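Every number in this text was worked out from the coordinates using simple rules, so none of it is lab data. Note that the structure is a prediction, hence the values are computed from the model and not measured. Every residue, glycine as well, gets a Cβ built from its backbone with ideal geometry; the counts of neighbours run over all protein chains shown.
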Amino acid sequence: MRKKIAAANWKMNCTLSQAEDLLNKLATAQVNLTTDKISIIAVPFPYLLLAKEKLASKANVFVAAQNCYTKKSGAYTGEVSVEMLQSMQIPYVIIGHSERREYFYETNQVLADKVNIALEHQLQPIFCCGEALSIREADTQNSFVEKQLKDSLFHLTNEQILSVVIAYEPIWAIGTGKTATSQQAQEMHKHIRNVLAEKYGNEIAQQISILYGGSVKGNNAVEIFSQPDVDGGLVGGASLNADEFSIIMNALN
Ligand code: 13P
């Protein structure tokens, strides 16, 4: 059984006191999580240990980093390595968010390197893919996303790909309030699973969690998560409000 996941991506938000407040609220939130229905909270680097500490007693809630560098250590001022994340026992790292691709020029090849070094250090990548509006309008989103997956993930072994969580985030739906319809999400998620099945076989493809991201809110999560190939969400704006994110976590059920 693949896991269902409600993942929060705080992006570059929250001061320390705001982060403390949000984590305290998440730590006491009434949520029904299980080993198969988990939550992952991706906080800015400075708050990783705080988040771990605050959420330590919360079963089935994990902390993630939002990025990592391609090198293990060395003279790379300002970067954060997977070795550091591993030493803090952070289990997940987001790789390839569209904002990293767009503003920091991360290419499919760089992302392949990040996926590799993350897996070498026992971090599970939450690998993001998704097309811009112009690609959707040209109806070439399937081949575009397929190439992102092939270029950055398809060198992985069967065992390695099983450690990857995929997040489909159409760029036109991120922070715009314009979600993909549940049908559009399902179509793309099914396509992604088919592409994974062609490469790794159906048994493996069925075990990989594929999350949807892009304007997931408390009032649309149930509908989106109910699609057969949508295994939860990666949530930006709505994850900054503990009450709303609790509704989203409970929408996994
Ligand atoms: P929003 O939920 O704010 O649209 O952001 C989605 C996202 O980019 C999550 O990684």
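Remarks
- Potential lengthening between residue 187 and residue 155 on full extension [0.36 nm per residue; Cα-Cα distance subtracted]: 9.0 nm
- With a threshold of 21 Å on the Cα-Cα distance, the over-threshold entries among 114/147; 25/58; 11/52; 4/190; 150/190; 4/72 are 4/72.
- Vicinal HN-Hα couplings computed from phi for the range 148-160 (Karplus, 6.51 cos²θ - 1.76 cosθ + 1.60; Hz; Gly/Pro x): 4, 5, 5, 5, 9, 10, 6, 7, 6, 6, 4, 5, 5
- Between the amide H of residue 95 and those of 126, 127, 128, distances stay under 5 Å, these residues lying 5 or more places away or on another chain, with hydrogens modeled in the peptide plane.
- Rounded to the nearest 20 debye, the dipole size of the chain about its Cα centre is 300 debye, using +1 on the Cβ of Lys and Arg and -1 on the Cβ of Asp and Glu.
- Spin-label model distance (nm) - residue 45 vs residue 223, 7 Å beyond Cα toward Cβ: 3.9
- Under the simplified labelling scheme, the residue 120-residue 28 pair shows an inter-label distance of 4.4 nm, with each label point 7 Å from Cα along Cα→Cβ.
- 3J(HN,Hα) along the range 35-44: 5, 9, 10, 10, 10, 10, 10, 9, 10, x Hz, from the Karplus curve 6.51 cos²θ - 1.76 cosθ + 1.60 with θ = phi - 60°, whole Hz, x for Gly and Pro.
- 127, 144, 62 arranged by Cβ crowding within 10 Å, fewest neighbours leading: 144, 62, 127
- In the chain, helices alone account for a calculated mean residue ellipticity at 222 nm of -11500 deg cm²/dmol, with every DSSP H run of four or more residues adding -39,500 (n - 2.57).
- Listed residues 29, 75, 210: farthest to the positive end of the dipole of the chain (Cβ charges): 29
- As a ratio to 2.2 N^0.38 Å, the alpha-carbon radius of gyration computed for the range 33-186 takes the value 1.08.
- Computed lengthening from residue 102 to residue 253, 0.36 nm per intervening residue step minus Cα-Cα distance: 51.0 nm
- Modelled label positions at residue 203 and residue 79, each set 7 Å beyond Cα in the direction of Cβ, lie 3.8 nm from each other.
- Within the chain, percent of DSSP bridges classed antiparallel, to nearest 5: 5
- Scoring 228-236, 74-82 by mean Cβ neighbours within 10 Å over their residues and listing the highest first yields 228-236, 74-82.
- Pairs of Cα atoms nearer than 8 Å and 6+ residues apart set the relative contact order; for the chain it is 23 percent.
- Going by neighbour counts of Cβ atoms within 10 Å, the residues 249, 1, 84 line up, fewest first, as 1, 84, 249.
- All other residues whose Cβ lies under 14 angstrom from that of residue 58 are scored, Lys and Arg at +1 and Asp and Glu at -1, for a net of +3.
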